[in-house]
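First up is the structure itself, then whatever we jot down about it.
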Amino acid sequence: MRAHIEELVTQALGYLKRDGVIGDDIGTAIQVEPTKDRAHGDYACNIAMVLAKTAKMAPTELAKKILDRVPASKRVKSIEIAGPGFLNFFVSGHHLKIVVREILAKGADYGRAPANTLPPVLIEFVSANPTGPLHVGHGRGAAYGASVASILEAAGHPVEREYYVNDDGRQMDILAVSVWLRYLELAGERVRFPDNAYQGDYVYDIARQVRSRHGDDLRHHAHEVTEGLPADADQEGDAEAHIDALIARTRALLGDEQYEAVFAIALEAMIEDIRQDLGEFGVHFDRWYSERSLHTSGALEQALAKLEAKGWLETRNGAVWFKASELGDDKDRVVVRDNGRSTYFASDVAYLLDKLERCSGQALYIFGADHHGYVPRLKAAAKGLGQDPDRLDFQLVQFAVLYREGQKLQMSTRSGEFVTLRDLRDEVGNDAARYFYVMRSHEQHLDFDLDLAKSNANENPVFYIQYAHARIQSIFAKLEESGQRHNPAIGEAAISRLDAEPEQVLLRQLGRYPEVLENAAQRRAPHVLAHYLHDIAAEFHSWYNHSQFLVDDDDLRNARLNLAQATAQVLRNGLGLIGVSAPESM
RNA sequence: GCCUCGGUAGCUCAGGGGAUAGAGCAGCCGCCUCCUAAGCGGCAGGUCGCAGGUUCGAAUCCUGCCCGGGGCGCCA
């Protein structure tokens, strides 16, 4: 509808230009917005005020001239000039009739743009290190990314969802060592567990897997393991040096083959755990992209070669640097350390290149806010690789803090006393978790109120919306009980009977759904959709209290049922995009 | 110090050039002989952090300052 009105205004301006009323050179950046106040119609256009100065005319005078030239449309009832020069458009009953008809006809597809009409998007999200269970911070990235992906798809973009698996590097080595130490413990060795190793109970679970597969084959005496190692932190030493030495010791004692075996079991177990966790949360990926594969496939070498060829690499102090500061970053970045190992950033560059080569549209990164420093360096990398940096889109998700009984939950990864995503899902349920995670702007810190999320009352927005859907279903159940049937054809013919205020409000709101979706997609902002659904639910509840649905009047009853069904459909469609269920009853 | 996100009602947050700044919760007052009261209606509540600037018009854009979260590694 918005686009339709923009088109009408464009035509009117065209006539005025042709007739020389306004200059040919006047730009036509037409803005049409849904109004906040119904007294201002349904859509408002500010074009007269924008053009008034260059047209050398008073805004209201220009508005009048535009109004006179706007072509007639069956979907527009009337246009008014109001305030400082707004053109207020009132949609017609015919338009509202079309809206309900379209919703009922398209069903689950209502609001969806034709598939694949927009450029593809490769979205990468979560990508947490596979060294432990996902925690509540990852949960927000997961809920946000999955919702954005669904919304983009609905808006007409082909979407690929990827999880980048950091299966290479020191953290993974620490996990492997942690597992092996627990394995030794299970085998009866009394061996000290380092401060910096992974403390969680899941490490025992993995150790048990190692034991069931390898028996005592990997066992070594405790003194062999710890003898001559630098002191750990609580022994007045350095925790980092201690764990690094322990990694080297582990490799030496086990040998490459056995070490890799432990490493592989740990990695596989963690990925499987994360995959399952996210799957239960309704978050699915098309590809789990291995960092290691960048090494084995030669992609990393090729990416570096590309930078080298374009003159962006330089050797300094034995390390290879990427001259990022010449491409907009605030400092240069090491890609190969003086010990010959490539950095994490080097992998990022290779992955970036691979993404841009595979996807002709945008590479969308969902980062935690703590990663914002990566933005300029990845853009620099894109430039250095000869790629268009504007094809990269970064969305930073701010932190989530849990509250219980008004108290902030303290979390520390170190001690293992963090709340996992699984804990959260168990406590509040998947629906509440998904909704709460996206109900605030992702750019906003999130205070996650556990008590509110668990509440079965209207104060809980998830229940409030779901209840609206369930209420509608119960009306239809009641209808069936009474032996009556819903006749949508009668309802459509009688749609003009829906003239009560709450009905009019709801009709208009439902018609805005496609625009809301488009807006949410463009802004990568699922909270826009979440708020909209809450509005729909509120308007429905208001209507429900205002009117009786199952009335004797066939026309009126069916018209109302059409609107109720359309409302349920929009709620279902919208909730589906943010991963929340629409229950039949509650 | 630099980068980044934020500061809007008692609380949590929408609105991000337009018309009297909105919602939920909390508070107060009402509404079930009737399809789910897990609901609805109403009242009250605001120097949009501060100061300048741009504009016909600023909560919104620009600059500076104040306050808070986060980040600034040859870590991953």
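The values are calculated or read from the model by the stated rules, or taken from the named source; none is laboratory data. A quick note: this is a predicted structure, and the numbers were derived from the prediction, not measured. Heads up, the Cβs are rebuilt from the backbone with ideal geometry, glycines too, and the neighbour counts pull from every protein chain shown. Keep in mind that these areas ignore ligands, DNA and RNA; they rest on the heavy atoms of the full protein, side chains included. Shrake-Rupley method; radii C 1.70, N 1.55, O 1.52, S 1.80 Å.
Filtered by the rule that a residue be over 26 Å from A:Asp201 (Cα atoms) and either in contact with a Gly (Cβ under 9 Å, 6 or more places away or on another chain) or at pLDDT 90 or above (or both), the stretch A:391-418 gives A:Arg391, A:Leu392, A:Asp393, A:Phe394, A:Gln395, A:Leu396, A:Val397, A:Gln398. In the stretch A:1-53, the residue that is surrounded by the most Cβ atoms within 10 Å (Cβ to Cβ) out of those that are among the β-branched types (Val, Ile, Thr), in a loop (DSSP other than H, G, I, E, B) and in contact (Cβ under 8 Å) with a residue 40 or more places away in the chain is A:Ile22. Residues of the stretch A:467-506 that are over 23 Å from A:His534 (Cα atoms), charged (D, E, K, R) and exposed (fewer than 12 other Cβ atoms within 10 Å of the Cβ): A:Glu480, A:Glu481, A:Arg485.
Among the residues in the stretch A:290-313, are any in a loop (DSSP other than H, G, I, E, B), among the basic types (Lys, Arg) and open to solvent by 40 Å² or more (accessible area, probe 1.4 Å)? Yes: the stretch A:290-313 contains one or more residues that are in a loop (DSSP other than H, G, I, E, B), among the basic types (Lys, Arg) and open to solvent by 40 Å² or more (accessible area, probe 1.4 Å).
Just wondering, is there one or more residues in the stretch A:368-381 that are open to solvent by less than 10 Å² (accessible area, probe 1.4 Å), more than 12 Å from RNA strand B (Cβ to nearest atom) and either of a type in the set (Phe, Trp, Tyr) or not in a loop (DSSP other than H, G, I, E, B) (or both)? For the stretch A:368-381, residues open to solvent by less than 10 Å² (accessible area, probe 1.4 Å), more than 12 Å from RNA strand B (Cβ to nearest atom) and either of a type in the set (Phe, Trp, Tyr) or not in a loop (DSSP other than H, G, I, E, B) (or both): present.
Looking for something part of a helix (DSSP H, G or I), within 22 Å of A:Asp109 (Cβ to Cβ) and open to solvent by 20 Å² or more (accessible area, probe 1.4 Å) - is there at least one such residue anywhere in the stretch A:541-562? Taking every residue of the stretch A:541-562 in turn, none turns out to be part of a helix (DSSP H, G or I), within 22 Å of A:Asp109 (Cβ to Cβ) and open to solvent by 20 Å² or more (accessible area, probe 1.4 Å).
Residues that are touching a Phe, Trp or Tyr at 6+ places or on another chain (Cβ under 7 Å), under 13 Å from A:Leu378 (Cα atoms) and of a type in the set (D, E, K, R) within the stretch A:304-348 comprise A:Lys323, A:Asp332, A:Arg333, listed in sequence order. Of the residues making up the stretch A:336-350, those that are more than 7 Å from RNA strand B (Cβ to nearest atom) and outside any loop (DSSP other than H, G, I, E, B) number 7. Number of residues in the stretch A:120-138 that are modelled with pLDDT of 95 or more and in contact with a Lys or Arg (Cβ under 9 Å, 6 or more places away or on another chain) equals 4. Of the numbered criteria (1) more than 9 Å from RNA strand B (Cβ to nearest atom); (2) open to solvent by 10 Å² or more (accessible area, probe 1.4 Å), the one A:Pro583 fails is (1). Taking the criterion of being open to solvent by 20 Å² or more (accessible area, probe 1.4 Å) and either in contact (Cβ under 8 Å) with a residue 24 or more places away in the chain or aromatic (Phe, Trp, Tyr) (or both), the residues of the stretch A:209-221 that qualify are A:Gln209, A:Arg211, A:Arg213, A:His214, A:Asp216, A:Asp217, A:Arg219, A:His220, A:His221.
Screening the candidates A:Leu118, A:Leu96, A:Leu67 for the property of being within 16 Å of RNA strand B (Cβ to nearest atom), closer than 21 Å to A:Met1 by Cβ and not β-branched (Val, Ile, Thr) yields one hit, A:Leu67. It is to be established whether one or more residues within the stretch A:446-466 are part of a helix (DSSP H, G or I), open to solvent by 40 Å² or more (accessible area, probe 1.4 Å) and of a type in the set (Phe, Trp, Tyr). The answer is yes; a qualifying residue exists. Residues in the stretch A:180-203 that are in contact with a Lys or Arg (Cβ under 8 Å, 6 or more places away or on another chain), part of a loop (DSSP other than H, G, I, E, B) and within 19 Å of A:Leu267 (Cβ to Cβ): A:Gln199 alone.
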